[in-house]
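Okay, so here's the structure we're looking at.
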Amino acid sequence: MSPTDSPQPDAAVPEDALLTVRGLRKAFGDHEVLKSIDLDVRRGEVVTLIGPSGSGKTTVLRCLNGLEVPDAGVAEFAGQLTVDFSTPMAKKQVYGLRDRSAMVFQHYNLFPHKTVLENVIEGPVQVQKRAKAEAIQEARDLLKRVGLAGKENSYPFELSGGQQQRVGIVRALALRPQLLLFDEPTSALDPELVGEVLTVIKELAEEGWTMVVVTHELAFARQVADEVIFMDGGVVVERGHPDIVLRDPREERTRQFVDRLLNPF
Amino acid sequence: MTVNWALVWESLGPLLSGAIFGTIPLALASFGLGLILALLVALMRLSRNRLVSAIARTYISIIRGTPLLVQLFVIFYGLPSVGITISPWPSAIIAFSLNVGGYAAEVIRAAILSVPKGQWEAGHTIGMSRRQTLVRIILPQAARVSVPPLSNTFISLVKDTSLASLILVTELFRQAQQVAAFSQEFMLLYLEAAVIYWVICLVLAGGQSALEKRLDRYVAH
């Protein structure tokens, strides 16, 4: 446990929680993007964040990966690390968050000057200091699993969007994170390429990976998610089992949003 | 007008030796040191620390806002009056390096800023520190962008080294001046010097294309 004194969580923490977040706040200038967000992610669970653009869902994800430093709130990785964002210490502790999670970006953000294989082994070899031969073997296995065997020496520009995003996923997996974060992983893809990426994510979920997924793919959320969180205006409006939140939401705002996605015109 | 070919042939030796032992090493050394300085100044300029950034901005402003010839004269003819005497070669290298440092810093800064923010984030998400991300992810991509403008800087520098003749460095142009004074064939010698500068710059432009091609291997065409 980290010696940091954390404020008493105001909601009960589930027994098998991997990540617990309480009271996450973030403002950009005068604009309050997150107004006290709570989040519990259990081991092996898939949590999806949905909501209109500007609702803050991507910011939640970025805070969990230390790409943004929240103004307040506490994040706790079960028994390993507690970060209290209201302390000056937090800026250093975000590295601890990064070590435990890995992000898959909407626009892939592959390293264009490195081959597929180099993209994947960069973190394990350069950051985690694992043996290169072992990292390469693991990278090859992972690439094969997502259907990219034979693409090891290609450069990202030679791949389709769907292939690039699968490399992005493998790059995250190769870090052996405890938590996978997906930021709208299919939003930049041509419609016919969405399926191949969602299939990979679904398989990972079935294998027991813990993940938080920001998505607009409601069908995917319904099939894969254990919990759906609907955010709007920087607050959680509604959360629960996908069958409830996506089929029979309690809140009017959720209902409107889901209707609009299902019947865009 | 008849061309004195015998003199062209005779003067080729001293002019080429001025190029090989003066102009070229002077340009190479100044460019190399200047680039190191430029990278440093570019990073200072990008620093979030206001003082550090202000120092870099002031340096760039002074270098770009004053003539190279004046900078050269301050170092060689000016500094001795405050007790610092530097011989011609080091004076020239200092002046040219400082000059390249100022101009190339802006090129490198722009190149670093041209790399998408997502690349920094991708580096961070795989656990890299800022420094690691800069060195392994950002600079290699910035290098590609900065080759054309830095080649410009280098080519300008090669020609600017002729100013070193005014602080007694024996380089291509000074050799041409001396032969011209002796033979009174000014037109011939200065044109001959011009041709040699041009040839050096042609070679450099060729090198630029080759380098661009090499760095472009990971970009769609």
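We did not get these values from a lab; they are worked out from the coordinates using the rules stated. Because the structure is a prediction, the values reported are computed rather than measured. All Cβ positions, even for glycine, are placed from backbone atoms using ideal geometry, and neighbour counts span all protein chains on display.
Give me the inter-chain shielding for A:111-117: mean count of other chain Cβ atoms within 10 Å, whole number please. Each step should come with its number before you reach the end.
Details: counts 10, 10, 11, 4, 1, 0, 0.
Taking all residues of A:111-117 together, the mean is 5.
In debye to the nearest 20, how big a dipole does the protein assembly as shown give about its Cα centre with +1 on each Lys and Arg Cβ and -1 on each Asp and Glu Cβ?
Working: 47 positive and 48 negative charges, 242 e Å.
With Lys and Arg at +1 and Asp and Glu at -1, about 1160 debye.
Please identify every one of the trypsin sites (Lys or Arg not before Pro) in segment A:110-161 that sits in a loop by DSSP and has no more than 11 other beta carbons within 10 Å of its own beta carbon. Don't jump to the answer; show the numbers that get you there.
On the way: sites: A:K114, A:K129, A:R130, A:K132, A:R140, A:K144, A:R145, A:K151; in loops: A:K114, A:K129, A:R130, A:K151.
Sparse-neighbourhood loop trypsin sites (Lys or Arg not before Pro): A:K129.
Based on Cβ point charges of +1 for Lys and Arg and -1 for Asp and Glu, what charge dipole magnitude is obtained for segment A:63-139 about its Cα centre, in debye rounded to the nearest 20?
With only Lys, Arg, Asp and Glu charged at Cβ, the dipole is about 240 debye.
Just name one of A:L261, A:L198, A:V224: the one whose Cα is farthest towards the positive end of the charge dipole of segment A:189-265 (beta-carbon charges, Lys/Arg +1, Asp/Glu -1).
About the Cα centre, the residue reaching furthest to the positive side is A:L261.
For B:K159, go through the aspartates and glutamates and keep the ones whose alpha-carbon is under 15 Å away, minus same-chain ones fewer than eight residues off.
Result set, ordered by chain and number: B:E171, B:E192.
Run the reach check for A:K26 against lysines, Cα to Cα strictly under 18 Å, same-chain hits fewer than 8 apart removed. What comes back?
A:K35, A:K57, A:K91, A:K92
Give me the net charge for the shell around A:Q164: Cβ to Cβ below 11 angstrom, other residues only, Lys and Arg +1, Asp and Glu -1. Please report the intermediate quantities before stating the final value.
On the way: positive: A:K151, A:R166, A:R171; negative: A:E158.
Every neighbour counted, the sum reads +2.
Just report the Cα centroid separation between segment B:98-151 and segment A:205-247, whole Å.
38 Å
In straight Cα distance, which lysines are under 18 Å from A:K114, not counting same-chain residues fewer than 8 positions off?
The qualifying lysines are A:K132, A:K151, B:K117, B:K213.
How many partner chain Cβ atoms sit within 10 Å of a residue's Cβ in peptide B:198-207, on average, as a whole number?
On the way: counts 0, 0, 0, 0, 0, 0, 0, 0, 0, 0.
Partner-chain Cβ atoms within 10 Å, mean over residues of B:198-207: 0.
DSSP loop trypsin sites (Lys or Arg not before Pro) in segment A:207-265 with at most 16 other Cβ atoms within 10 Å of their Cβ, which ones?
Loop-located and lightly packed - A:R247, A:R250.
Taking the Cα centroid of segment B:32-79 and of segment A:145-160, what is the distance between the two, rounded to the nearest whole Å?
Each part reduced to its Cα centre gives a spacing of 44 Å.
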